[in-house]
Amino acid sequence: MPVRIKLGLSLLVVLVTAVAAWYQHTLGHDRIQYVVAFLGAFMIFSMWLFPEVKREESAGGVRRDPQQGQAR
């Protein structure tokens, strides 16, 4: 995934996390707001830490035909 898309997605996750944590705080759910904040930070951390999955020509021992898109 390109860095520009990761940055945009990270910003979106930060905004949604901040709104959700604030909303939980206004409802009086003190523990849940910290869970929401942790999950948002964990999602961003995981997106930057783990590489994107890339498919090869043969996935799982089955040869794929790139023109037809079906397994042989």
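The values are calculated or read from the model by the stated rules, or taken from the named source; none is laboratory data. Everything numeric here is computed off the predicted structure, so don't read it as measured data. Here Cβ is always computed from backbone atoms with ideal geometry, including for glycine, and neighbour counts include all displayed protein chains. Ligands, DNA and RNA are excluded from the accessible area calculation, which covers all protein heavy atoms including side chains. Shrake-Rupley method; radii C 1.70, N 1.55, O 1.52, S 1.80 Å.
Of the residues that sit in the stretch 24-41 and are exposed (fewer than 11 other Cβ atoms within 10 Å of the Cβ) and not hydrophobic (A, V, I, L, M, F, W, C), which one is nearest to residue 53 (Cα to Cα)? Selected residue: 31. Residue pairs whose Cβ atoms lie under 7 Å apart, separated by 6 or more positions or on different chains, with the first residue in the stretch 1-23 and without any contact (Cβ under 8 Å) to a residue 60 or more places away in the chain and open to solvent by 60 Å² or more (accessible area, probe 1.4 Å) and the second not in a helix (DSSP H, G or I) and not hydrophobic (A, V, I, L, M, F, W, C), are 1/52. Against the list (1) polar (S, T, N, Q); (2) over 20 Å from residue 7 (Cβ atoms); (3) modelled with pLDDT of 80 or more, the condition residue 58 fails is (3). Being modelled with pLDDT of 90 or more, assigned to a loop (DSSP other than H, G, I, E, B) and over 12 Å from the mean Cα position of the chain (by Cα), is that true of even one residue in the stretch 8-31? Checked the stretch 8-31: at least one residue is modelled with pLDDT of 90 or more, assigned to a loop (DSSP other than H, G, I, E, B) and over 12 Å from the mean Cα position of the chain (by Cα).
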